[in-house]
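Structure first, then comments.
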Amino acid sequence: MAVKYSNKINKIRTFALLLIFGGIIVMYLGLFFQANPLIMTLLMLLGFLSIIASTGIYFWIGMLSSKTVQVLCPSCNKYTKMLGRVDACMHCNEPLTLDKDLEGKEFDEKYNRKKRKEQ
Ligand SMILES: [Zn+2]
């Protein structure tokens, strides 16, 4: 079973981008309900809220990015940002770890959560 891992920051960014597009689509759909002002207002508001939410997520990524560790990916020789103890390379999705104990072990996102519980 090959699970494709991807970089967490990239994942959040993709989500924020989808949210913006979703918001625009919902607002656009609202234009078709001009006969019904209530539905139109509701859709406009919903679209507006998702755009606000994604702006919030972008802001949050900015905050997270300042806390990430830059590492040189051994597989593609590019610098990537890591979030947590294990993360995937932004460019080639190579699993990376900051923890020597986990080196060589199979990549598992659970390592991030396990550590947090112990602390
Ligand atoms: Zn890489």
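The values are calculated or read from the model by the stated rules, or taken from the named source; none is laboratory data. Since this is a predicted model, take the numbers as computed values, not measurements. Virtual Cβ from ideal backbone geometry, glycine too; neighbours counted across all protein chains shown.
If I ask for residues that are more than 11 Å from Ile9 (Cβ to Cβ) and touching a residue at least 24 places away in the same chain (Cβ under 8 Å), which ones from region 61-74 would you list?
Correct list: Val69, Val71.
How many residues does region 75-93 contain that are more than 21 Å from Phe15 (Cα to Cα) and either near the ligand (Cβ under 8 Å from one of its atoms) or in contact with a His (Cβ under 6 Å, 6 or more places away or on another chain) (or both)?
Total satisfying the criteria: 4.
Looking at Val69 and the list (1) within 16 Å of the ligand (Cβ to nearest atom); (2) of a type outside the set (Phe, Trp, Tyr); (3) at pLDDT 90 or above, which single condition is not satisfied?
Evaluating Val69 over (1) within 16 Å of the ligand (Cβ to nearest atom); (2) of a type outside the set (Phe, Trp, Tyr); (3) at pLDDT 90 or above leaves (3) as the failure.
Of everything in region 60-77 that's assigned to a helix (DSSP H, G or I) and surrounded by 11 or more Cβ atoms within 10 Å (Cβ to Cβ), which residue is nearest to the chain's Cα centre (by Cα)?
Once the filter is applied, the top-ranked residue is Ile61.
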